[in-house]
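Q: Mind having a look at this structure? Questions to follow.
Since every read-out is calculated from the coordinates, none of them should be taken as a lab result. Predicted model, so just to flag it, every value in this text is computed and none were measured. Every residue, glycine among them, receives a Cβ derived from its backbone with ideal geometry; neighbour counts consider all protein chains shown.
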Amino acid sequence: MSNEVEASTPTIQRRGLMLVLSSPSGAGKTTLSRQLLDNDSQVQLSVSFTTRERRPGEKEGVDYKFVDTATFRGMIERGEFLEHARVFDHYYGTPRAPVEAALDSGRDVLFDIDWQGTQQLKEKGREDLVTVFILPPSTRDLERRLITRAQDSRDIVAKRMAKAADEMSHWAEYDYAIINRDIATSLIELKSILTAERLRRERQYGLSAFVKALREGR
């Protein structure tokens, strides 16, 4: 009898969501992204294309897909990006096809992009979009992190600090804001946001039929 009931109960499926993390450089969004990916098998990273040089430790196709400027511009012309932007004299862009395939299969896609890219995504997929802005605990702490990670020259660090105020001015355009005082706490907060967004009524396909079956005693 129980098997018959289970067989007659409608199933609930969920379309994936696009989870965007943005922040000024050094605020911790990349570290948070990696830890979320390690903790949640239903989340996959959107691997962006970029024209900048590969940094030490970065892997082709894992951190970014590295292409030349001519190739990138050709992809723009063919409409192959969900969003793209020029940052510090280099182009960055999110490929459309793998993201749409993941969402259709019920997987969530994580984006590590800036406010310009986020605005473009809002125009193309607002119903699928959840946006989170990561803030540093202080300007001094942000500068210390940029210097400590030793990935950029002093000139680039200065440019990133000069741009940070403008980037942070866009925080109110996001659904959520996290002050990243420590990674462990911020990760818990981020996972809570993701859990709540997955449970939104409108993301659960088949829920109406499921409730109807419950009311009918199935």
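Q: If packing is taken as the mean number of other Cβ atoms within 10 Å per residue, what is the order of 198-209, 75-86, highest first?
A: On the way: 198-209: 12.7, 75-86: 15.8.
Ranking the peptides 198-209, 75-86 by packing returns 75-86, 198-209.
Q: Taking amide H atoms as placed 1.01 Å from N in the peptide plane, list the residues 5 or more away in sequence, or in a different chain, whose amide H sits under 5 Å from that of residue 135.
A: For residue 135, whose amide H was placed from the backbone, the distant partners under 5 Å are 178, 179, 180.
Q: Sorted by mean Cβ packing within 10 Å, highest first, what order do the peptides 63-73, 14-24, 93-103 take?
A: On the way: 63-73: 14.5, 14-24: 22.5, 93-103: 16.9.
In decreasing order of mean packing, 63-73, 14-24, 93-103 become 14-24, 93-103, 63-73.
Q: Where both partners of a DSSP beta bridge lie in the range 75-200, what percent of those bridges are antiparallel, to the nearest 5?
A: Looking only at bridges with both residues in the range 75-200, the antiparallel portion is about 60 percent.
Q: Using a 7 Å offset from the Cα along the Cα-to-Cβ direction at both residue 69 and residue 214, what is the distance between the two label points in nm, to one decimal?
A: Placing both labels 7 Å along Cα→Cβ, they lie 5.8 nm apart.
Q: Now for a separate question. Would you mind telling me the antiparallel percentage of the DSSP bridges in the chain, rounded to 5?
A: 35
Q: Under a 10 Å cutoff between Cα atoms, tell me which one of 62, 109, 132 has the largest fluctuation in the Gaussian network model of the chain.
A: It is 62.
Q: On average over all directions, what projected area in square nanometres does the chain have, based on the convex hull of its Cα atoms?
A: Numbers: hull surface 57.6 nm².
Computed as one quarter of the Cα hull surface, the answer is 14.4 nm².
Q: Among 29/159; 59/163; 59/124, which pairs are too far apart, with a Cα-Cα distance over 22 Å?
A: Pairs exceeding 22 Å: 59/163; 59/124.
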